Amino acid sequence: MKAAIFEEIETIKIKEIKKPECDPKGVIVNVKACGICGSDIRNYHVGLKDGIKNQIMGHEIAGIVEEVGPEVKKFKVNDKVAIAPDVSCGNCYYCKRGLVNLCLNHRMIGTHWPGGFAQYIYLSSEILENGIINKIPRGVSFYSATISEPASSVIASQENAKVGLGDTVLIIGDGPIGCLHLEIARARGAATIIMAGLNRLKDASLFKPDYLIDVASKDVTSEVLKITGGLGADIAICAVPVAKTHNQAIESVRKRGKVVIFGGLPKTNPMTTINSNLIHYNELTLIGAFSYPGYIHEQALLAIKNGKIATKKYINEIVPLEEIENGIKLAESGKALKVLVDPWL
Ligand SMILES: [Zn+2]
Ligand SMILES: [Zn+2]
């Protein structure tokens, strides 16, 4: 089969390798599409976790089950499935409490196992048992189903922040994650959505935020205060890996407001500066966000089926495996909102 191998930093080679073999407890999925994620872009430049090399990356996967081991009960040949990367252990302190995304032995497809930038992927019994694989609802295409993965993280964080009816939500970031936050906040009943962005404002405007702030020419906080009559937003979501957005968010929420730190900062420089007196006097809540449990992935697929997430507005580039490095550059430059790899093109 054809696969894109991440050999080392900034080097991906397309190779003909042996198609994975199925064992009695495993499944082989024919990969129909795999999204290029912000974390793929980061890993391309800084390397995979634990210094892992010579790996097939890719974790926003949609495909069709091609082979099923005789001992597998959950899946059958021709099932259409969406696959998310996270695999928990099922045994640790957090897993036992249902917080599987915080698993102490958390591992990922595309890092610790070969991922979706290939024509086939093998799912071991461990992945089938403690990973996140859901059937794609009828009427949802493979391409659209790949969006369920980034959408899941967004849904989980808004669930934790309790975004709800009547809320004014500030989203800092106009990339695909910012746009997903906009659509999910709207689906959850937010009354006013303010988006602040820089280089993808045109794409973001397709999602019709109530207000769109161009941070190149406008100050986020003063704009938000103007819009909210001096009160501030109920919730601010930082959806870009930029440290200074954290303080912008803290300055832009009302008393008892909530700030979600969604975009992770680079590992080499994760520090941020915030006005802690605003947290103190205004009784603010800071909320982290990492991954999600499996049922959220199911909700994401249903949100796509029900038109709450307009997947076609995100996907503006589909490339063959051979073009994957170009695809990474396109996504990185902001020229495309979401780039998918179709390994059969
Ligand atoms: Zn992703
Ligand atoms: Zn665990």
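The values are calculated or read from the model by the stated rules, or taken from the named source; none is laboratory data. Being a predicted model, the structure only gives us computed values, none of them experimental. Because the Cβ atoms are built from the backbone with ideal geometry, glycine has one as well, and the counts that use them run over all protein chains shown. Quick note on the areas: whole protein, heavy atoms, side chains included, nothing else; ligands and nucleic acids left out. Shrake-Rupley method; radii C 1.70, N 1.55, O 1.52, S 1.80 Å.
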Global form of region 1-156, assessed from the alpha-carbon gyration tensor, a/c cut-off 1.5: rounded
Alpha-carbon centroids, region 198-220 and region 123-147: separation in whole Å: 33 Å
Per residue accessible area of the chain, 1.4 Å probe, in Å²: 45 Å²
Selection from 143, 88, 158, by position along the positive dipole direction of the chain (Cβ): 158
Span from the region 17-65 Cα centroid across to the region 288-327 one, whole angstrom: 15 Å
Relative contact order (%) - criterion: Cα under 8 Å, at least six apart; region: the chain: 18 percent
Kirkwood Rh in Å, taken over all unlike Cα pairs in region 197-306: 15.6 Å
Helical mean residue ellipticity (222 nm; -39500 (n - 2.57) per DSSP H run of 4+; nearest 500) of the chain: -8000 deg cm²/dmol
Antiparallel DSSP beta bridges within the chain, percent to nearest 5: 55 percent
Average Cα contact separation per residue, region 43-131, under 8 Å, 6 or more apart, as relative contact order %: 32 percent
All-pairs Cα distance distribution in the chain, expressed in whole percent, bin size 10 Å: 6, 25, 34, 24, 9, 2, 0
Percent of Cα pairs exceeding the 24 Å cut-off, where the set is region 112-226: 40 percent
Simple label model, 7 Å out from Cα along Cβ direction - residue 89 to residue 159, nm: 2.3 nm
Hits among aspartates and glutamates - C-alpha to C-alpha of residue 13 under 20 Å, sequence gap 8 or more where chains match: 40, 60, 322, 323, 325, 332, 342
